Structure formats: C-alpha cells, structure tokens
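*Asks:* Handing you this structure, nothing more for now.
Laboratory data are not the source of any read-out in this text; all were calculated from the coordinates shown. None of the values given here were measured: they were computed from a predicted structure. Ideal geometry is used to build each Cβ from the backbone, glycine not excepted, and the neighbour counts take in all protein chains shown.
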Amino acid sequence: MIAVDALTVQYGELRAVDQVSFSVFEQEIFGIVGPNGAGKTSTVECIEGLRRAHSGKVSVSGLDPWKDRKKLYEVMGVQLQDTAYQDQVRVGEICALFSSLYRSPVPYGELLEIMQLSGKEKAFVSSLSGGQRQKLAIVLALIPNPRIAFLDELTTGLDPRARHQMWDLLLQLRERGLTIVLVSHYMDEVEAVCDRVAIMDRGRMPAVGSVSEVIGRFALHTEISFRSSLERTGGLEALPGVVSVGRKRNRITVQGRGDETVLAVLEHLRDRGIDYAALAVKPPDLEAVFLNLVGYSPSGESPRADEKEVR
Amino acid sequence: MRAALLNLTLLEMKLFMRNYINMFFLLIFPMLMLLLFGGIFGNEPEAMFGGYGTVDISVPAYAGLIISVTGLMSLPLTLCQYREKKILKRFQATPLSPIYVVVSQISVHLIMTVAGMLLLFIVAKVVFDLQFVGRVLPVTAVFLFSTLSIFSLGFLVAAVAPNMRAATAIAYLIYFPMLFLTGATIPIELMPELMQKIAAVLPVTHVVKAMKAVWLGETAASVYPSLLILAGFMLVCLTLSLKFFRWE
C-alpha cells in the first residue's frame, strides 16, 4: 500500500528525517510513535504529498505522492495535527463543502452517525467538545471514501472515555477495509489498536514490526515491585535472574529476566516471611522499549505510575 | 472543481456575514458617519464645494472608508487566520488547490465591499437626496479598481505577518491613518501642509481622489494620475506578496 525507501527530509541544516524506510500493508493499522520532534509528522506529510522529500522514494498505491497529489487525494483521507476550522461554521456546512470537493463522496450523514455526531449538523463547530471535534476531523477525512487514512495525534487532549471510543472506531474502520496510518505519542494507544508499529527517534526509525516483535527484540526486563518494611535487599539480589534491586521509600523494585524471576521473588518473600503489599508485576511493554530507545532508563530510582499518585 | 469553488465562496460569504464586527464596520459605521455629518452640516449646496452639498462630496470619499475595512482589516486577518489555523494546509490535502481558498476570499470581500457602497448610496439618496452627476460605468470601474489595489496591500499584510497578533497590530496601524489622513472622513483640504504631504503617500488618498473626481463627473484626465499611482502601488504589493506569502 505504502512503500517508503530511504526518505530524508531536511530543514536547512536540520535533518528531520534521516534515511527512513518502511512499508504499510493493505488494511492494517500502522502506528508511528516517537517523542516530539522525532520526525513523525514530517514523514507522514511526505507520504500525504504535503511536503517534498529531500531525497528517497515514497509510493502510495503506486503513485508518487508529490507528483500525483491531486489524484491521490481522491483515495486518501487526512486528519492533520490540530487543525481548526473557520470561525462560526456549522458542522453540516463544513461537511457539505468537503463533499463537494470529491468525485464520489460518502454521504456525510452516514459518517456523522458512525461518529455519533448525528443531530449536530446545525451546531457550530466551535461549540463541539474536543472529542466531537476530533470525530468531525475523522468524518472529513472519510468523506472522500478513502482507502488510506492518516490520523495525526488523534486522541491528544481527549478524556479516557473518548480515547477508548476512538480506538473502537479505528478497529471498525479497519474491518471496513481501510488502511490507517496513526501518528501518536501514546504507547497504550498503539498497543491497543496497531497491527504494526514503527518507533521514531531523532529522524531515524530504529524499530519496525508488530507490537510483540518490537517488544521481544529488545529483551527488556520484567519489573516486580511491592511495598515492604524490608531493610536489607541482599537476599533479593542473589536470586536467579535478578538484574537489579532498587528502593524508593518503602517500595522495592526488582528488575529481572522473565517469569523465573517472578517465581523466585515470590518464593523468597513467602519462605522468609517478609511482609509485602501492593505487589505489581510489569512485563516489558512498548513504553519500556520506547524509553529504552530514547535513552531514559526506568530503573529503581525512577518513579512508576502508581507511585506518582502518592506524592 | 467549479462547483467546489462556488460552494466554498458561498460558504465563506455566509461566514463573513456571521462576523458581526465585519458587518458593523462595513455597513453600519459608514452609515453612522454619514448620518452624523449629514445631520450636522445638511446637504445644502455650498460654494466652497463647488455647488455640491456635504453629503454629495462625502459619499464618494467614504468609498475609501469602506474599502479600507474589507481590504485592510477583514481580508488580511481572515487570510492570516486561515493560515495560522492550518485551514489552508487542510485544503492542500484535498483535490481543491488552496489557491481557490484565496480566490474565494477575494471574491467575497469584493462583493461585500460593493454591497457596503450600495447601501451607503441608498441611505444617502433617501435621507439626504444625494446628487449623483457621474456616469455609472466609470464610477463602478474606478471603484472596483481601487478596491483591488487596496486588497493588494491587505494581501501583503497577510503575507508578511508571522502570526495573527502581528497581523492584527499591522492592520490597525495601517487602517487608522487610512481613515483619518486620506480625506475619507476629514477633507484633506482642511489639513495643514505637512499632513497633506503625508496623505499623498497613502494609497487610500488616491482612492478618495479618483472616486470624487469620477463621481462628480470630472474629465478622465483628472482621474488618471490617481489610477496610475494605484496601479503602481498594486504592482509593488503583489510582487512583494508573492515573494513572502507562505501557505503555512
């Protein structure tokens, strides 16, 4: 569907995208994640035909997105990162306008219904909630009846319920035959919906593959943590598979290799009669891969999500 | 694509009319000025104005006022806002070229400028029995040409302003002198020599001059110098705009 070969984007001296290659297959949800300024949007804009590549080749269903732009926009739906709309425009009006831009648009009434926006035609876009506005952006992206959709930071700023609704919608759209490229900096989002994922960092793409492949490739540690009054952690350090033991206040965190460590730690706690509470086992996830790649190590002294709340 | 452009222009027209600040300065404000000054001075023939009344010579001058509102405030601010809100960029990702967004804005502003002028004309006719001794065709032509030349300055503002705040500041900075120093509201003849010199470099001054001349049925020769200045001015503005304009 999409083939990117040695794509490079340059802004003056700055190389925003550096020799990136990957492909996106038909009817999959492909995630591109990375920190701010990693080159995600620049990469996607080259595929969308909004930006010219410095060098490298991009092809979207056989078309060159820069040269065949206008042809491509008939089969491509785009949602840009934080686009706004004209002041005082109504939902129905902007939908009608976008419908008139394409040769064979989907009746937008249907799309509004799927996105739970029916009955909002007369509403001013400015009166919609953040989630509704993002849904409208998807409606506009789907009006051309595209085969590929690009969604850039779709759920940024949405509440958790709206985010989960969005994810359900994406999965439904894939079932209807759509190929989706999703740019995000939320790892949970990518794990929830993406078939394959690419991680970008400083213009490069160090990992591409299915979520479990990407996680597996990095052989990261499982993390076991619990609250305890235990003073000396020497016993834990000696256990098989344990890599490191850290302590933050009264929470002890053990990093280890796989499930054998988990069992060893549990047995150790039981056999020695060590008190423990709020035990948590966290297998390596995309977030860990990501933090590892961008050079941040979530070791014993860095806070875990559950501890942040206590502070 | 023609249908798309038409739809876009009609929608933008609606949006323009929903913006009550635009509508006030375009339709109500010039009318209030007319009623105020017409109310104070009446429209009796004055020797000082060559036998015309205050309203007779004010209406063509107010063309400068109306064109300034659409061309120097609304047009640049709308274009700049559309760039800042990435609306232009969003249209780039459709089969419709964003150039058409600009074209539709110019059309809407041109139509609304004409509407503003017509309304002023009607009010002046009904309330003050305005005399109009010019010919319709040349008056319309000069009015449209003047409008486009002022629009080119508005376009330049949109091209060079890095963001909305800057555009707003620049627009106000240009708009107010155009209101008061060009003869659009206060006759230039009443100003001291220094102010008249300043006025001579402001394009709206030449709009007012040309409109007054053609409105009062003066010879073509008295209109051409102003039109020539406006044409040169438009050329400069458009060249600079094309050089600086960015879509995002």
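*Asks:* Applying the Karplus parametrisation 6.51 cos²θ - 1.76 cosθ + 1.60 with θ = phi - 60° to the phi angles of region A:4-21, what ³J(HN,Hα) value in whole Hz is obtained for each residue in order, glycine and proline being reported as x?
*Replies:* In residue order, the calculated couplings are 10, 10, 6, 6, 10, 10, 10, 10, x, 7, 7, 9, 6, 10, 10, 6, 8, 10 Hz.
*Asks:* Short version: ³J(HN,Hα) in whole Hz for each residue of region B:201-209, in order, from phi by Karplus 6.51 cos²θ - 1.76 cosθ + 1.60 (θ = phi - 60°), x for Gly and Pro, what are they?
*Replies:* Computed from phi, the couplings for region B:201-209 are 8, 8, x, 5, 3, 6, 4, 4, 4 Hz.
*Asks:* In sequence order, what are the phi-derived ³J(HN,Hα) couplings for region B:234-244 according to the Karplus relation 6.51 cos²θ - 1.76 cosθ + 1.60 with θ = phi - 60°, rounded to whole Hz, with x for glycine and proline?
*Replies:* In residue order, the calculated couplings are 5, 4, 4, 4, 5, 4, 5, 4, 4, 5, 9 Hz.
*Asks:* I would also like to ask the following. Give the cross-link partners of A:K71 among the aspartates and glutamates, using a straight C-alpha distance below 13 Å as the criterion and excluding same-chain residues fewer than 8 apart.
*Replies:* A:E48
*Asks:* Here is a further query. Can you list residues whose amide H is under 5 Å from A:V243's amide H, if they're 5+ apart or on another chain and H is modeled 1.01 Å from N?
*Replies:* It is A:Q255, A:G256, A:R257, by chain and number.
*Asks:* Build a GNM of chain B with springs between Cα atoms under 10 Å: which of B:M234, B:M33, B:M178 gets the top mean-square fluctuation?
*Replies:* For chain B, modelled as a Gaussian network with Cα springs under 10 Å, the answer is B:M33.
*Asks:* For peptide B:90-100, how many partner chain Cβ atoms fall within 10 Å of a residue's Cβ, on average?
*Replies:* Going residue by residue through B:90-100 and averaging, the value is 6.
*Asks:* Just to be sure I understand the model, the point goes 7 Å from the Cα along the line to the Cβ. What's the resulting A:Q10 to B:L235 distance in nm?
*Replies:* 3.8
*Asks:* So how long is each side of chain A along the principal axes, counting just the alpha-carbon atoms, biggest first, in Å?
*Replies:* Computed over the Cα atoms, the extents are 73, 46, 35 Å.
*Asks:* To continue, here is another question. For A:E153, list long-range residues whose amide hydrogen, built 1.01 Å from N in the peptide plane, is under 5 Å from its own amide hydrogen.
*Replies:* Amide H neighbours of A:E153, under 5 Å, 5+ apart: A:V183, A:S184.
*Asks:* Using amide H atoms built in the peptide plane, which far-off residues or other-chain residues are under 5 Å from A:N145 H to H?
*Replies:* Result for A:N145 returns A:V106.
*Asks:* Taking the Cα centre of the protein assembly as shown as origin, sum charge times position over the Cβ atoms of Lys and Arg (+1) and Asp and Glu (-1), and report the length of that vector in debye to the nearest 20.
*Replies:* It comes to approximately 600 debye.
*Asks:* How well do other chains shield peptide A:97-105, expressed as the mean number of their Cβ atoms within 10 Å of each residue Cβ?
*Replies:* So the per-residue partner count for this stretch is 5.
*Asks:* When DSSP beta bridges are limited to those with both residues in the protein assembly as shown, what percentage is antiparallel, rounded to the nearest 5?
*Replies:* 65
*Asks:* Run the simple label-point estimate for A:D64 and A:S229 please: 7 Å along Cα→C-beta, distance reported in nm.
*Replies:* With each label point 7 Å from Cα toward Cβ, the separation is 7.4 nm.
*Asks:* Total Lys pairs in chain B closer than 24 Å by alpha-carbon, pairs eight or more apart in sequence or interchain only?
*Replies:* Lysine pairs meeting both conditions in chain B amount to 10.
*Asks:* Divide by every residue of the protein assembly as shown the summed helix terms, -39500 (n - 2.57) for each DSSP H run of at least 4, and state the resulting mean residue ellipticity at 222 nm, rounded to the nearest 500 deg cm²/dmol.
*Replies:* Result for the protein assembly as shown: -16000 deg cm²/dmol, rounded to the nearest 500.
*Asks:* Quick check: pseudo-label points 7 Å beyond the Cα along Cα→Cβ at B:R246 and B:A200, how many nm apart are they?
*Replies:* Calculated label separation equals 3.8 nm.
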